[in-house]
Amino acid sequence: MTARAARWSVFALAACTVLGWIPQARADGDEFDAGGGADPGGQRGTMSLAYQTLHSSGLLLQDGINNHGAITDTQSLRLSVDYLLDGGWELHAALPYISKRSLHDNGNHNPLNLVLPHPESQFLDDGRYHGGLQDLQLGVSRHLVRGRYRIEPHVVLTWPSHDYTFFANAAIGQHLRKLKFGADVTRQLADSNFYWSAGYDYEFTEKVMDIGIDKQHARLAAGYFFSPTWSGRVFATMRRSQGRDADFFSPANRDEYWYHHDQLSRHNYAIAGFGATWRINDRYALSGTVGRMVWGRTVHELKRAYELELSRSF
């Protein structure tokens with residue numbers, strides 16, 4: 001692989017894990033991608049703007065059967081900045097704008113129909129798009145090299161940007177504070193344009209109604225540099241969570257557990273997909289990613305997910 005392509009290996013790896021963020025944007029928060037890294041050729045930072053569109057249909061219950069319920073469409077824009085400091089330390093920040101709609105909803109998310117009404121919560125599942133800024137993510141990572149392995153431990157804080165509604169299929173997020181610790185390992189094979197990566201995170205999430213909802217994230221990816229300007233990749237990402245299964249909640253009860261069910265649900269899933277990156281010139285790159293859910297429990301079934309991201313190094 002040429003030196004020019006090598007400078008972008010870390011950027012391509014970050015794009016591999018982008019689908020780890022996709023399902024959360026739909027209903028249960030937003031996961032920050034702590035990958036990336038500045039260009040070691042002298043450019044220390046990267047600014048990125050990503051557009052994402054998601055389509056989900058029905059809820060996968062605890063036994064994996066789809067209840068053929070609400071259909072949800074999500075569109076989002078995410079602005080992120082990564083900046084490399086001396087000593088291999090890197091700072092990360094991201095803020096997404098989410099717009100969602102829920103179709104064929106039967107009114108179970110009307111906050112005024114609860115036993116204890118919540119007039120402070122908006123009714124969003126009316127078939128129209130509703131949008132707003134979601135959660136601010138701030139992170140720090142450290143770039144380490146051990147032989148042919150690149151190791152990047154990281155910590156990421158997620159904080160709601162404002163007091164938005166979380167009780168709705170069309171809600172933009174869970175409105176929960178989170179702190180995630182993890183690491184990614186990357187290796188490029190000797191005398192080859194092929195690389196692989198693996199990562200793991202443990203995410204501490206604030207309790208809801210004294211119930212723990214911490215999460216674990218795992219990811220695998222493999223990629224190939226076809227030329228100094230083009231690379232491709234395949235990936236898989238998985239999440240397992242504490243919390244409650246779908247059979248714990250009943251909209252007929254209209255109780256406080258139902259009001260908080262989007263926060264308390266496990267939202268377990270596995271997603272697979274592929275993507276490509278085009279390095280336009282020394283400063284700009286364009287990435288595209290396609291994915292879908294291949295396994296899920298107590299989570300809206302993601303039928304398709306697309307993302308297009310433009311990045312500029314500085």
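Tally Lys and Arg at +1 and Asp and Glu at -1 over the other residues with C-beta under 10 Å from the C-beta of Ala198: what net charge comes out?
Details: positive: Arg187, Arg219; negative: Asp184.
Net of charged neighbours comes to +1.
Treating the beta-carbon of each Lys and Arg as +1 and of each Asp and Glu as -1, no other charges, what is the dipole magnitude of region 109-243 about its Cα centre, to the nearest 20 debye?
Values: 15 positive and 13 negative charges, 151 e Å.
Once rounded to the nearest 20, the dipole reads 720 debye.
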Orientation-averaged projected area, Cα convex hull of region 118-268 (nm²) = 12.0
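Roughly how many percent of the accessible protein surface of the chain is carbon and sulfur, given a 1.4 Å probe and a whole-percent answer?
Solvent-exposed carbon and sulfur of the chain make up 59 percent of the total.
In the neighborhood of Thr165, defined by Cβ-to-Cβ distances under 12 Å, what is the net charge if each Lys or Arg adds +1 and each Asp or Glu adds -1?
Details: positive: Lys100; negative: Glu120, Asp125, Asp163, Asp262.
Net charge around Thr165: -3.
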ask   = About its Cα centre, how strong a charge dipole does the chain have in debye, to the nearest 20, once Lys and Arg get +1 and Asp and Glu get -1 at the Cβ?
value = 1100
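Given axes a ≥ b ≥ c from the Cα gyration tensor, I'd like to know whether region 37-129 is rounded (a/c under 1.5), prolate (a/b larger than b/c) or oblate.
Taking the square roots of the gyration eigenvalues as a ≥ b ≥ c, region 37-129 is prolate.
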ask   = Which pairs break 24 Å Cα to Cα here: Lys180/Lys207; Lys180/Lys303; Lys178/Lys303?
value = Lys180/Lys303; Lys178/Lys303
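Given Cα pairs under 8 Å that are at least 6 residues apart, what percent is the relative contact order of the chain? Walk me through the numbers on the way to the answer.
Values: 899 pairs, mean separation 63.5, N = 314.
Relative contact order here is 20 percent.
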message = In region 135-211, if the dipole is taken from +1 on Lys/Arg beta carbons and -1 on Asp/Glu beta carbons about the Cα centre, which of Leu136, Phe166, Trp196 is farthest to the positive end?
response = Trp196
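Quick check on region 135-213: take the gyration tensor over C-alpha atoms, sort the square-rooted eigenvalues as a ≥ b ≥ c, and tell me if it's rounded (a/c under 1.5), prolate or oblate. The partial results should precede the final answer.
Numbers: a/c = 3.07, a/b = 2.59, b/c = 1.18.
Cα axes put region 135-213 in the prolate bin.
Rank by packing, highest mean first: peptides 207-214, 108-115, 134-141, with packing defined as the count of other Cβ atoms within 10 Å averaged across residues.
Values: 207-214: 15.0, 108-115: 16.5, 134-141: 21.2.
Ranking the peptides 207-214, 108-115, 134-141 by packing returns 134-141, 108-115, 207-214.
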remark   = Projected onto the charge dipole of region 163-243 (unit charges on the beta-carbon of Lys, Arg, Asp and Glu, signs +1, +1, -1, -1), the Cα from Gln242, Gly232, His217 with the largest positive-side position is that of Gly232
request  = Can you tell me what the convex hull of the Cα atoms of the chain projects to on average, as an area in nm²?
outcome  = 15.0
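For region 271-314, compute the orientation-averaged projected area of the C-alpha convex hull (one quarter of its surface), in nm². It would help to have the intermediate numbers written out before the result.
On the way: hull surface 15.1 nm².
Result: 3.8 nm².
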task = With a probe of 1.4 Å, find how much accessible area the chain has per residue, and write the answer as a whole number in Å².
result = 43
request  = Quote the charge dipole size of region 38-179 about the Cα centre in Debye, to the nearest 20; the model charges only the Cβ of Lys and Arg (+1) and of Asp and Glu (-1).
outcome  = 460
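The values are calculated or read from the model by the stated rules, or taken from the named source; none is laboratory data. Keep in mind that what you see is a predicted model, and the values were worked out from it rather than measured. Ideal geometry is used to build each Cβ from the backbone, glycine not excepted, and the neighbour counts take in all protein chains shown. Protein only, heavy atoms only, side chains kept; ligands, DNA and RNA dropped before computing areas. Shrake-Rupley method; radii C 1.70, N 1.55, O 1.52, S 1.80 Å.
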